[in-house]
Amino acid sequence: MIRVLIADDHQVVRQGLRFLLSSEPGIEVAGEAADGTAALDAIRALRPDVVLLDLLMPLLDGLGVLAAMREEDLAAAVLVLTSSADDQHLIQALRAGVLSYLPKTAGVDEVIDAVRAAARGESVLQPTATARLLRELRRPADPLAQLTARETDVLKGLAQGRSNREIARSLSVSEETVKSHVSSILAKLGLADRTQAAIFALQRGLVPLDQALTRPPWPGPRPR
């Protein structure tokens, strides 16, 4: 039995996928999640075989979920089903270990075949996605292009020496969300800690020098 987790912020999409997959022999919908943070919690708790993951979700986007999964060594196979036509999203998702990448316009048979293939550890890409991938691979790599807009905002906060609490307050999100973004940033950029992230941001000119590191990244004991 292939146990599937559906992670998408649109209820209608989740309901449609649940109906579609539940009617297939050998496939069971183990759970649903409406945002990235809930998706991570569900992956940890349910240990699904396959995750049907949207990239554009609140709190933590699909790329952030993928980065956290890699950091925590969560072994579910991931099939991205998204409305995003961004080439960067495609290449970042594949680099993060996604097995299949399908648009939400994909046919019923394509989705079911991709779920079964993912459970076997096999990849499925539509010809248009393959063409986009090849086009993107020919471009020079830019590490910052791996980050989402919100992750870039968090990285700027790190360069300014702000704590997670201060960054959370300035972005009107929770500290836990900022912590997840920091983990995602470090994983995507291959950095060891907040200090390296701050130095990277300064080197790339993300913040003016007069705003940079107004105090050390960890005033007092290093926050967890």
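Here are the numbers:
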item	result
Any hit, the range 20-27, residues being of a type in the set (Ser, Thr, Tyr) and not in a helix (DSSP H, G or I)	yes
Filter result for residue 50 (over 26 Å from residue 142 (Cβ atoms) and hydrophobic (A, V, I, L, M, F, W, C))	yes
Lone qualifier among 70, 95, 44 - being out of contact with any strand residue (DSSP E or B) (no Cβ under 8 Å at 6 or more places or on another chain), at pLDDT 95 or above and outside the structural domain of residue 178 (by TED's automatic domain parsing)	44
Matching option when the condition is modelled with pLDDT of 90 or more, in the same structural domain as residue 56 (by TED's automatic domain parsing) and out of contact with any strand residue (DSSP E or B) (no Cβ under 9 Å at 6 or more places or on another chain), among 87, 109, 153	109
Only listed residue being out of contact with any Phe, Trp or Tyr (no Cβ under 6 Å at 6 or more places or on another chain), in a helix (DSSP H, G or I) and surrounded by fewer than 20 Cβ atoms within 10 Å (Cβ to Cβ), chosen from 3, 70	70
Neighbours by Cβ (under 8 Å, 6+ apart or cross-chain): first from the range 111-131, more than 19 Å from residue 4 (Cα to Cα) and surrounded by fewer than 18 Cβ atoms within 10 Å (Cβ to Cβ); second of a type in the set (A, V, I, L, M, F, W, C) and modelled with pLDDT of 80 or more	126/102; 126/106
Verdict on residue 180 being at pLDDT below 90 and under 16 Å from residue 66 (Cβ atoms)	no
Failed item in (1) in a helix (DSSP H, G or I); (2) surrounded by fewer than 18 Cβ atoms within 10 Å (Cβ to Cβ); (3) not charged (D, E, K, R), with residue 43 passing the rest	(2)
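The values are calculated or read from the model by the stated rules, or taken from the named source; none is laboratory data. Because the structure is a prediction, the values reported are computed rather than measured. Cβ coordinates were reconstructed from backbone atoms using ideal geometry, including for glycine residues, and neighbour counts include every protein chain displayed.
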